[in-house]
Every structure is written in C-alpha cells, then in structure tokens.
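Visitor: The structure under discussion is supplied below as structure tokens; questions concerning it will follow.
Just so you know, all these numbers are worked out from the coordinates, no wet-lab data involved. Quantities reported herein were computed from a predicted structural model and do not represent experimental measurements. Cβ coordinates were reconstructed from backbone atoms using ideal geometry, including for glycine residues, and neighbour counts include every protein chain displayed.
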Amino acid sequence: MRVLVTGGAGFIGSHFCERLIQKKHQVVCFDNFNDYYNPEIKHQNISSLIGHPDFTLIEGDILDQAFLNQLAEQTAFDVVVHLAARAGVRPSIQQPLLYQQVNVEGTANLLEFCVQNKIPKIVIASSSSVYGGNKKVPFSEEDPVNHPISPYAATKRACELLAYPYHALHGLSTTYLRFFTVYGPRQRPDMAIHKFTRLIHNGEPIPFFGDGTSRRDYTYISDIIQGIEQAVEHCDGYHIYNLGESKTIQLKDLIVLIENALNKKAIIQKLPNQPGDVPVTYADISRAEADLSYHPEVLVQEGIPKFVEWYYGQIGETG
C-alpha cells in the first residue's frame, strides 16, 4: 500500500509513519516544518526513517494545491492520512484566520486532491474539541456538535462537514477520527503533560487553571496509532469515530501522577479558567470498538511513567 501522510513529521504522524514502515508499506511523509514549535523536533521525530527505501520525505504545504498535484503526477496513492493542521485551542483564539486557512482550506485541498487523482479513501484527524461544552458524558458521535467554543474546534467541525459532499458526490470514502488528548513520546512541548513534566523537573511553577477538577480523557500514542491503522483498513463510506481511552482523570490527580513519576513536587501557579477550555472530555468509544475493533490498552496511570521515562532519555538523564 502506498500512503501519503500529511503532518507526517509531527507527534502522531511520525509514529504512524513508523508503523506503516514496520508493516512494509510505502510512505510519503508530507510536512511543512512550520515554526509553531521548533522544527528541529520534527526532524528528530523522523530521523530513524530517513534513508529507508520505503520512506520518502517531502517538504511542502497543504495550501499549495499546485505542489500537491505535482506530487500526484509522480506517485499513485492508495490512501491519504491527513494529520496536518494548525493545532491548539488557545492559540486559535489569537489567530483565528490562520487556523481557518490552514485547517479548512488545507483540508479542502486534500479532498480535491483525492478526487482529482482518483485516490479512493482518506482518513482525517478531527478532535474532541468539536463537542464544546457538552454536558452529556461520555461524548458520543451522535451528540450535537453545533456550538464549538474555540476557532480551532470550529475548523475541525467545518472539515467534518466539508468532506461529506465529496463522499456523496464523488464516492470518496472518508473517515474522521476525533482524537481525545493524545500523549506519549514526542508529544508537542506545548501540551499539558509535556509542559508540566518539564516545568516540575526544572523546579519551575506550573500553570494550574481553575480549581483542578477539570477532567480529560488522555489517550496514549500507541492506542491512537492502533485506531488510525484500523481506520485505514476499514475506510469505506463516510464515518466519524471517537478515539480515546474512555476514562477521565482530574487535572489535580494528573499532576500527582507526574510528581510521582518524577519523584518531585510541583510548584503550583493558580490561574483562572482559560477561554476556550472545557470542563470535561470523555469519549464513548463503542462505535470504534464495534466497527474498527479499537481497544485501547494503556491507562494514564501506566502512560505517565512511560512518558517521563522518554522525557529523561531526551534530556540525557535517568529517573
């Protein structure tokens, strides 16, 4: 199978490229190495794949439709896995137009790319943020998602809607995956678990928003990769799936897990709730279990020590 992975040098993308190579697929990793965080981190993410005969790295932008079409002239793809996006709830509030351009227009380019080049299926990353302040838990794919509370969430929901006519009119099989707070080795440095680990380790204050009772459904990277792999295999028609652990932990308890893994106490900097944040995320994964045989295995109590072990390796220390 020949697979185009957009955002392939990022946190999730690099792990998925590795999985594809392990399964002896041919992979084209497409990434623009933007400066949202240090591009060298992305280069490091895929360093082990450089030089592999089944791995090709293309530096380009999903907003450049002409470049995408040139790529299609060189390679016939069996599937696109579209993970490229401008990420982050809080930054989207400061730069809403950038998020609309990259996420919505970029996804439109990829959908058009598939149709014009007769690529039969595409799997696209969505987000639990589309559920907004949904008070019914766990979140089901059947729940209304008409009130996103950040530009980032709105762009992800817009992309879900945008893809449906491509399926209805052109027969493009499309699967959307709503990721629930993915963490693990290579997690972006701005995300909570990575940020808290770094700050606690360095003896610096960690930002603690609200009263600590907000809850998140944290999903370990290996479980997400399992879900993406199954989604590619079963991509037929138009579907949306939650991918999470279907368990939650409060912010204050998450910090205790990180403290225990580091054997160091956190310095807490209490701050008010942030605009765009939601009180809870919690995935109903029954649809993914039934259709994709998705079965997450790594509880956050196991995943945090795994992440901290990786973190120590990155900074050249041992726990």
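Visitor: Take segment 209-288, compute every pairwise Cα distance, and split them into 10 Å bins from 0; I just need the percent in each bin.
Guide: 15, 36, 29, 16, 4
Visitor: Angle check, please: helix 65-74 long axis (alpha carbons) against the longest principal axis of the chain (alpha carbons), in degrees 0 to 90, nearest 10.
Guide: 60
Visitor: Can I ask one more? May I ask what percent, to the nearest 5, of DSSP beta bridges between residues of the chain are antiparallel?
Guide: Numbers: 2 of 41 bridges.
Antiparallel bridges make up about 5 percent of those DSSP assigns within the chain.
Visitor: As a check on your grasp of the helix formula, calculate [θ] at 222 nm for the chain: sum -39500 (n - 2.57) over DSSP H runs of n ≥ 4, divide by the residue count, round to the nearest 500.
Guide: Numbers: 12 runs with 130 residues, N = 319.
It lands at -12500 deg cm²/dmol.
Visitor: For a Förster distance of 41 Å, can you work out the FRET efficiency between the beta-carbons of Leu299 and Gln70, rounded to the nearest 0.05? Can you show the working numbers first?
Guide: Working: r = 45 Å, r/R0 = 1.10.
Calculated transfer efficiency: 0.35.
Visitor: Further question: Three principal axis extents, largest first, for the C-alpha atoms of segment 177-315, in Å?
Guide: 50, 34, 20
Visitor: Return one number: the angle in degrees, 0 to 90 and rounded to the nearest 10, between the long axis of the Cα atoms of helix 300-315 and the longest principal axis of the Cα atoms of the chain.
Guide: 90
Visitor: Could you tell me what % of all Cα pairs in segment 97-256 have separations over 21 Å?
Guide: I get 53 percent for the Cα pairs in segment 97-256 exceeding 21 Å.
Visitor: Pairwise over distinct Cα atoms, reciprocal of the mean inverse distance: report the Kirkwood radius of the chain in Å, one decimal place. Could you put the intermediate results ahead of the total?
Guide: Values: mean 1/r = 0.0500 Å⁻¹.
Result for the chain stands at 20.0 Å.
Visitor: In addition: For segment 11-109, state which trypsin sites (Lys or Arg not before Pro) are in a DSSP loop and have at most 14 other beta carbons lying within 10 Å of their beta carbon. Working shown, then result.
Guide: Values: sites: Arg19, Lys23, Lys24, Lys42, Arg86; in loops: Lys23, Lys24, Arg86.
Passing sites in segment 11-109 are Lys23, Lys24.
Visitor: With unit charges on the beta carbons (Lys and Arg positive, Asp and Glu negative) and the dipole taken about the Cα centre of segment 268-319, which residue among Ser286, Gly313, Leu271 sits farthest to the positive side?
Guide: Most positive-ward Cα: Leu271.
Visitor: From largest to smallest, what semi-axes in whole angstrom does segment 277-317 give when each is the square root of 5 times an eigenvalue of its alpha carbon gyration tensor? Working shown, then result.
Guide: Values: eigenvalues 170, 49, 13 Å².
The answer is 29, 16, 8 Å, longest axis first.
Visitor: Taking every DSSP beta bridge that has both residues in segment 180-319, what percent is antiparallel when rounded to the nearest 5?
Guide: Values: 2 of 10 bridges.
Restricted to segment 180-319, the bridges split so that about 20 percent are antiparallel.
Visitor: Could you give log10 I(q)/I(0) at q = 0.13, 0.18 Å⁻¹ for segment 1-103, computed by the Debye formula over C-alpha point scatterers of equal weight, without solvent?
Guide: With one equal scatterer per Cα and no solvent, log10 I(q)/I(0) is -0.46, -0.86.
Visitor: Something else now. Please report the base-10 log of the normalised intensity I(q)/I(0) for segment 74-168, using a Debye sum with one equal scatterer per alpha carbon and no solvent, at each q in 0.20 (1/Å).
Guide: -0.98
Visitor: Can you grab the distance from the C-alpha centre of segment 186-264 to the C-alpha centre of segment 2-42, Å, no decimals?
Guide: With segment 186-264 and segment 2-42 each reduced to a Cα centre, they are spaced 20 Å.
Visitor: A further question follows. Once the Cα atoms of helix 151-170 and of the chain are each reduced to a long axis, what angle between those two axes, in degrees from 0 to 90 to the nearest 10, is obtained?
Guide: In the chain, helix 151-170 runs at an angle near 20 degrees to the longest axis.
Visitor: Based on the alpha-carbon gyration tensor of segment 20-67, what equivalent-ellipsoid semi-axes (square roots of 5 times the eigenvalues) come out, in whole Å, largest first? List each step's numbers first, then the result.
Guide: Values: eigenvalues 83, 49, 11 Å².
After scaling each eigenvalue by five and taking roots: 20, 16, 7 Å.
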